[in-house]
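Please read the structure below before turning to the comments.
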Amino acid sequence: MSTIKHAVIAAAGLGSRLGMGRPKCLIKINEIPLIAYLLKLLEDVEDVRIVVGYQEQDVMECVLRYRKDITFVRNPNYRTTSTLTSYFMGAEGISERCMFMDADIIFQPDSFIGFKQFCVENDRQDIIGVTASKTRDAVYVSLDNEKVSSFSRENITEFEWANLCYISSSLLTKQGDSVFQQLSQFLPLMSYQVKSYEIDTKCDLLTATESQVAEDVYYCM
């Protein structure tokens, strides 16, 4: 079966809103770091790149305990750049569509597998992952005929962006405020709904830990 060939994980940020003094990708749920769950879900993707910055050595050492053939991309300006920069740097040299995601997300395995298959089946389309709205400080998504028609911080809707997409790297730029603002100029874009939790705050972490998704990802390891 065909599979996605490239994936970029943004793991360079400070995670300041969580306030634990550690990169969010190293935070553990059921004693397993978030990054390990992502690596498990991407085990069939040949080219996985992780953009590192804050406490990069710790992140790299953790990743290599779970998978050896990872390409690490350093973002030395992680304190002053956004995830958009990390995505752009991670995708350098990739001419095909690529899956992009943040490292502070926990995905329900079956829904993530469904997203990957949907991307393979619609390989010529740029696709945005959405999830049911639940996160504080969410980026809300408006849908029109299953396509993302707008992003908003203020207009509360049924769905929020899952910080997951399958797009051409040509849609990205090295400088900019955020990924969703950059992608806004290319809307409408196809959507796919996944079950996921973003870990931005301690409240988010508690909600994710207590969810069925946490149990599902634990048993997929």
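The values are calculated or read from the model by the stated rules, or taken from the named source; none is laboratory data. Just so it is clear, the model here is predicted, and its values are computed rather than measured. Here the Cβ is made from the backbone with ideal geometry for all residues, glycine too, and neighbour counts use every protein chain on show. With ligands, DNA and RNA removed, areas are computed over all heavy atoms of the protein, side chains included. Shrake-Rupley method; radii C 1.70, N 1.55, O 1.52, S 1.80 Å.
In the condition set (1) in contact with a strand residue (DSSP E or B) (Cβ under 8 Å, 6 or more places away or on another chain); (2) farther than 24 Å from I35 by Cβ; (3) outside any strand (DSSP E or B), A138 is compliant with all but (2). Only residues in region 124-137 that are over 30 Å from S95 (Cβ atoms) and free of Cβ contacts under 8 Å to residues at least 12 places away in the same chain count as the first member; pair them with residues that are assigned to a loop (DSSP other than H, G, I, E, B) and open to solvent by 80 Å² or more (accessible area, probe 1.4 Å), Cβ under 6 angstrom, at least 6 apart or cross-chain, and list the lot. Cβ pairs passing all conditions: none. Scanning region 51-61 for any residue that is in a strand (DSSP E or B), open to solvent by less than 50 Å² (accessible area, probe 1.4 Å), out of contact with any Ser or Thr (no Cβ under 7 Å at 6 or more places or on another chain) and not small (G, A, S) turns up at least one such residue. Residue-level check: of (1) closer than 26 Å to Y37 by Cα; (2) among the aliphatic types (A, V, I, L, M); (3) surrounded by fewer than 15 Cβ atoms within 10 Å (Cβ to Cβ), A208 misses just (3). Evaluating Q182 against the criteria (1) part of a loop (DSSP other than H, G, I, E, B); (2) among the polar types (S, T, N, Q); (3) open to solvent by less than 30 Å² (accessible area, probe 1.4 Å) leaves one unmet condition, (1). Among the residues here, L18 qualifies as open to solvent by less than 10 Å² (accessible area, probe 1.4 Å), modelled with pLDDT under 95 and more than 17 Å from I167 (Cβ to Cβ). Here are V130, V141: which of them is of a type outside the set (K, R), surrounded by 21 or more Cβ atoms within 10 Å (Cβ to Cβ) and over 15 Å from D102 (Cα atoms)? Every option except V141 fails the conditions.
Would you check if L164 is modelled with pLDDT of 95 or more, open to solvent by less than 10 Å² (accessible area, probe 1.4 Å), assigned to a strand (DSSP E or B) and within 23 Å of N77 (Cα to Cα)? So L164 passes the test.
Scanning region 62-119 for residues that are assigned to a loop (DSSP other than H, G, I, E, B), acidic (D, E) and surrounded by 22 or more Cβ atoms within 10 Å (Cβ to Cβ) gives a single hit, D104.
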